[in-house]
Structure formats: C-alpha cells, structure tokens
C-alpha cells in the first residue's frame, strides 16, 4: 500500500473503509455476498467482489470518500484498484475500460476522470488512477469517486461483462479534509 493511502476495500483482511452508496447498471456482489476468486495467482484473497454489467450506458459503483479532496490537498488524490477481467469479456461501444470519476457528490461541478483501457485478461492487474496533477476546479470539494465499467456503452455491447475486484485504496482521512 502506498504511503498516505488506506484500504477502502480489501478482501484478504476484511477491511471496508469507504462506503459504497450506490451501484448503477450492474449487479455487485461484495462483502457477505463475495465470490471465490477466479485465481489466487497475483492476488491471495480467497473471496473477491464481482461486478456484472447490465444493459446500461454508464454502469458504475459510487464510493463516499472519508473526507474531501480540494486543490489544497490534491497531491493525495491517488487511487489504486486490483481487478481481474476475463478474456470472455467483449468490447463495449468504447472498448473495455475502467474509468474513475472524482466528483463533488452532486456530480455537477468540475468532475474529473482518469480512464484506463483494459488490455490484460485472465490475471489480476493493479490499476492506478492519479488525480494529483489534474487541473482540479478551484473551490470544489470532491467527496465521491465513481468507478465506471466499460463506459460509455451506448449500444449495450458489453452487457454481461464481468469484473472481479479486490483491493481498492485511496487517500486516508489523515490526508483529506473533513467534510
């Protein structure tokens, strides 16, 4: 784990520090409903979360941060997630990708995103979403992150794609401003 970060979700140690407050356009099995990992090679957690994409253009999981990120503390705005994408996943309208949005909670003012195209399949991969040098909007308090999966998928081509998720980490409450 990076210095200054904390686990938001980590199945091998049952740590769930960030609240998931909404899942849209998919079925998300986690915590008590976690599933067996497709492989422990590259990830030792026996149980992991599973997201199955439904026929939505914007399938996503919304997380509440332990505090807010502003231009004053954005150097801590680095998020990492460990994911497994089966090779049976198909390209959506814009390919296979993970996109993390940094939002103000109301999803209107100054949202920023980092997009990663998924090119490694059938093995665990760690993805880094770094907002530390992004041009954040002055005066905006970013309080949520939204993990969008195979988005946008206007033609619903990626319906049924599965992503297994294990470790998700981000700035600790010591590095973000209280709400």
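The values are calculated or read from the model by the stated rules, or taken from the named source; none is laboratory data. Since the model is a prediction, treat every value here as computed from it, not as a measurement. Cβ coordinates were reconstructed from backbone atoms using ideal geometry, including for glycine residues, and neighbour counts include every protein chain displayed.
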Quiz item: What are the residues in region 111-133 that are surrounded by 15 or more Cβ atoms within 10 Å (Cβ to Cβ) and in a loop (DSSP other than H, G, I, E, B), if any?
Solution: 111, 118, 131
Quiz prompt | Of all residues in region 39-53 being in contact with a strand residue (DSSP E or B) (Cβ under 6 Å, 6 or more places away or on another chain) and either surrounded by fewer than 21 Cβ atoms within 10 Å (Cβ to Cβ) or more than 15 Å from residue 81 (Cα to Cα) (or both), the one that is modelled with the lowest pLDDT | solution = 45
Quiz item: Any residue at all in region 84-91 that is outside any loop (DSSP other than H, G, I, E, B), over 28 Å from residue 133 (Cβ atoms), touching a residue at least 40 places away in the same chain (Cβ under 8 Å) and touching a strand residue (DSSP E or B) at 6+ places or on another chain (Cβ under 8 Å)?
Solution: yes
Quiz item: Conditions: (1) over 26 Å from residue 159 (Cα atoms); (2) buried (at least 16 other Cβ atoms within 10 Å of the Cβ); (3) modelled with pLDDT under 90. Residue 63 meets all but one. Number of the miss?
Solution: (1)
Self-check item: Options 158, 154: the member that is within 22 Å of residue 29 (Cβ to Cβ), in a loop (DSSP other than H, G, I, E, B) and touching a residue at least 12 places away in the same chain (Cβ under 8 Å)
Solution: 158
Quiz item: Among (1) more than 19 Å from residue 23 (Cα to Cα); (2) surrounded by 13 or more Cβ atoms within 10 Å (Cβ to Cβ); (3) at pLDDT below 95, where does residue 144 come up short?
Solution: (1)
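For every residue, the table says whether it meets (1) over 15 Å from the mean Cα position of the chain (by Cα); (2) at pLDDT below 90.
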residue: 5; (1), (2): no, yes
residue: 16; (1), (2): no, yes
residue: 33; (1), (2): yes, yes
residue: 92; (1), (2): yes, no
residue: 98; (1), (2): no, no
residue: 113; (1), (2): no, no
